[in-house]
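In what follows, a single structure is set out as structure tokens and then discussed.
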Number of protein chains: 2
Amino acid sequence: MDTNTYSTATPIEMRHLIRQGAYDKPTSGLCPGYAQANLIVLPREQAYDFLLFAQRNPKPCPLLEVTETGSRATHIIADDCDIATDFPRYRIYRNGVLDDEVTDVQSLWRDDLVSFVIGCSFSFESELIEAGIEMRHNTMGRNVSMYLTNIPCQSAGSMSGNMVVSMRPIPYEQVVKAVQISGAIPKVHGAPVHIGDPSVIGIKDISKPDFGDPVDIHPGEVPVFWACGVTPQAVIMHSRPAFAITHAPGCMLITDTKNIDLRG
Amino acid sequence: MDTNTYSTATPIEMRHLIRQGAYDKPTSGLCPGYAQANLIVLPREQAYDFLLFAQRNPKPCPLLEVTETGSRATHIIADDCDIATDFPRYRIYRNGVLDDEVTDVQSLWRDDLVSFVIGCSFSFESELIEAGIEMRHNTMGRNVSMYLTNIPCQSAGSMSGNMVVSMRPIPYEQVVKAVQISGAIPKVHGAPVHIGDPSVIGIKDISKPDFGDPVDIHPGEVPVFWACGVTPQAVIMHSRPAFAITHAPGCMLITDTKNIDLRG
């Protein structure tokens with residue numbers, strides 16, 4: 001199946017391809033109009049703390065669905081969806097340290113695992129593009145720039161850590177429009193958390209992102225920062241639970257839920 | 001202290017009066033502009049299920065704050081706030097059955113209790129009134145009419161039950177305005193869940209509410225139904241956890257949070 005075929009695949013067709021191991025790359029641009037999602041999987045023992053963490057930090061952790069303990073199936077964001085096979089790539093963390101990156105976690109699955117499926121900025125990016133706002137990382141063919149900030153999340157039991165943000169350079173005359181469009185979609189991180197000087201939120205060098213790739217900022221543009229679904233990975237690294245599974249950055253779940261249904 | 005004094009009391013002053021046992025009545029109309037809140041307290045053993053229930057049912061259960069296990073203090077919606085004393089009246093449920101109504105639960109407090117503080121429709125009522133929409137139950141000096149519906153909530157582990165709704169008669173020409181105003185405040189139940197024929201949502205006799213008081217519906221008015229913060233009490237009755245504490249209907253916590261800050 002070539003790239004042209006991917007470009008017309010439905011969400012369920014893409015999940016099947018990914019499940020069969022036929023696609024293991026970033027999902028940006030696939031199935032336009034449909035929401036993609038971040039993943040964090042934790043044992044039931046830590047699940048209460050993480051659920052409370054997400055409740056207290058809805059901007060970085062907008063929950064789209066929390067599965068039943070032990071179940072690999074989703075029911076709200078997609079049907080015929082297997083959490084353990086339908087992301088192109090997964091990361092395995094042990095005691096807060098990245099231990100492995102794999103394309104399938106069936107062999108690691110346990111009856112006590114709970115999956116948290118979290119909204120993804122790809123959903124608001126498509127609306128920003130529709131409004132005529134360039135996504136520089138797309139234009140440059142790169143992953144979005146992500147940074148660990150000095151903004152502490154509200155901690156919850158054993159879970160704590162600082163917020164990770166994604167950055168998009170926006171021309172001054174489009175900043176208000178970008179705030180309003182993204183602000184209308186709270187289930188995918190909502191309005192920006194910061195506009196302008198990166199040092200205010202603890203970013204020392206904008207050209208050296210902690211995750212993803214650097215992108216150019218042109219004269220007349222301001223860096224705009226949104227809460228990012230990679231925040232749970234920073235929380236895992238900081239809080240050091242014995243075991244956790246996440247998606248690999250950029251390699252998301254393609255859901256049956258339309259972006260437009262995440263508004264309001 | 002007479003009623004005139006209550007009418008000018010600040011939230012912290014009212015919480016102190018209630019804490020001292022000087023006020024044990026419904027809180028409707030007190031501290032205008034400030035959000036009031038529903039309560040459900042459960043042992044940690046059931047807290048994960050209820051937190052997940054609230055995540056899956058945000059319209060009836062919009063969480064304003066979840067306390068640390070064992071703590072009686074809030075930190076987000078109010079400071080200097082004691083969950084065990086600052087509601088005028090509490091209800092004690094054992095195995096899903098209403099066992100007692102008291103003005104203070106200090107003697108019942110345990111180190112394993114978790115408090116869920118939930119948004120209250122008083123917050124959007126004040127905005128509806130400001131927009132010129134009569135709240136009939138206020139005009140009649142009664143409690144709002146509440147009904148158990150046939151709308152199933154999304155269950156979560158041991159927690160399940162049908163939605164409780166509150167009803168307000170609205171003139172046809174104000175229905176759209178009422179939807180838009182309340183819809184802009186998702187943290188206090190948001191837009192209505194049903195407009196019109198009560199039998200569609202399983203209400204057999206609109207003149208016999210399951211909670212609160214009946215109110216008159218005039219010609220040219222339609223009954224409009226909103227998800228209600230009494231839903232957790234119906235869930236407790238249906239799911240029968242060994243022990244639970246709730247507020248008594250109408251006897252709410254007065255928070256330091258302004259209604260306007262619950263928008264969006």
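Assuming a ≥ b ≥ c are the square roots of the Cα gyration tensor eigenvalues, decide whether segment A:1-137 counts as rounded (a/c under 1.5), prolate (otherwise, with a/b larger than b/c) or oblate. Write down the numbers at each step before the final one.
Details: a/c = 1.84, a/b = 1.30, b/c = 1.42.
Note, shape of segment A:1-137 comes out oblate.
By average Cβ neighbour count within 10 Å, what is the ranking of B:238-248, B:197-207, A:221-231 from highest down? The partial results should precede the final answer.
Details: B:238-248: 20.1, B:197-207: 13.7, A:221-231: 24.4.
The peptides rank, most packed first, as A:221-231, B:238-248, B:197-207.
Work out the FRET efficiency for A:R94 and A:S71 from their Cβ-Cβ distance, taking R0 = 30 Å, and round it to the nearest 0.05. Display every interim value, and only then the final one.
Numbers: r = 23 Å, r/R0 = 0.76.
Here the calculated transfer efficiency is 0.85.
Springs between alpha-carbon pairs under 10 angstrom, Gaussian network model over chain A: which of A:T139, A:T69, A:T27 fluctuates most?
Greatest mean-square fluctuation among the candidates belongs to A:T139.
Return the average number of partner chain Cβ atoms within 10 angstrom of each residue Cβ along peptide B:55-63.
On the way: counts 7, 4, 0, 1, 0, 0, 0, 0, 4.
Mean shielding by partner chains, rounded to a whole number: 2.
What is the average number of partner chain Cβ atoms found within 10 Å of a Cβ in A:153-162?
Values: counts 0, 2, 1, 2, 2, 0, 0, 0, 0, 0.
Taking the mean over all residues of the peptide, I get 1.
Could you work out the relative contact order of chain B? I mean the mean sequence separation of Cα pairs under 8 Å and 6+ apart, divided by the number of residues, in percent. Don't skip to the answer; put the middle values down first.
Values: 590 pairs, mean separation 83.2, N = 264.
Normalised by residue count, the contact order of chain B is 32 percent.
Compute, for segment A:122-231, the length of the dipole vector about the Cα centre, with Cβ point charges of +1 (Lys, Arg) and -1 (Asp, Glu) only. Units Debye, rounded to 20.
Values: 7 positive and 11 negative charges, 51 e Å.
Around 240 debye, computed over segment A:122-231.
Which whole number gives the average, over all residues in A:110-123, of C-beta atoms from other chains lying within 10 Å of the residue C-beta? Don't jump to the answer; show the numbers that get you there.
On the way: counts 0, 0, 0, 0, 2, 0, 1, 0, 0, 0, 0, 0, 0, 0.
Neighbouring Cβ atoms belonging to other protein chains average 0 per residue here.
Going by a ≥ b ≥ c, the root eigenvalues of the Cα gyration tensor, does the protein assembly as shown fall in the rounded group (a/c under 1.5), the prolate group (a/b larger than b/c) or the oblate group? Write down the numbers at each step before the final one.
Values: a/c = 1.74, a/b = 1.63, b/c = 1.07.
Prolate shape, in that a/c is at least 1.5 and a/b is the bigger ratio.
Which of the three applies to segment B:160-259, rounded, prolate or oblate, going by the alpha-carbon gyration tensor with a ≥ b ≥ c and a/c under 1.5 meaning rounded? Each step should come with its number before you reach the end.
Details: a/c = 2.00, a/b = 1.34, b/c = 1.50.
Here segment B:160-259 falls in the oblate category.
What size of dipole, in debye to the nearest 20, comes out for the protein assembly as shown about its Cα centre when the only charges are +1 on Lys and Arg C-beta atoms and -1 on Asp and Glu C-beta atoms?
Working: 42 positive and 60 negative charges, 20 e Å.
Roughly 100 debye, rounded to the nearest 20.
If each of A:K25 and A:A184 carries a label point 7 Å out from its Cα toward its Cβ, how far apart are those two points in nm?
Label at A:K25, label at A:A184, 3.3 nm between them.
Cα to Cα, under 18 Å, and not fewer than 8 places away if on the same chain: which aspartates and glutamates meet these conditions relative to A:K177?
Hits, sequence-local ones excluded: A:E125, A:E127, A:E130, A:E134, A:E221.
Beta carbons within 10 angstrom, averaged per residue: use that to sort the peptides B:97-104, B:37-44, highest first. Could the numbers behind the result be given before it?
Values: B:97-104: 13.9, B:37-44: 23.5.
In descending order of packing, they fall as B:37-44, B:97-104.
Please list, in order, the residues from segment A:204-232 whose amide nitrogen is less than 13 Å from a point placed 7 Å along the Cα→Cβ vector of A:Y172.
A:219-223
Values in this text are rule-based calculations from the coordinates and carry no lab data. All of these numbers come straight from a predicted model, not from anything done at the bench. FYI the Cβ positions are ideal-geometry reconstructions off the backbone, even for glycines, and counts take in every protein chain you see.
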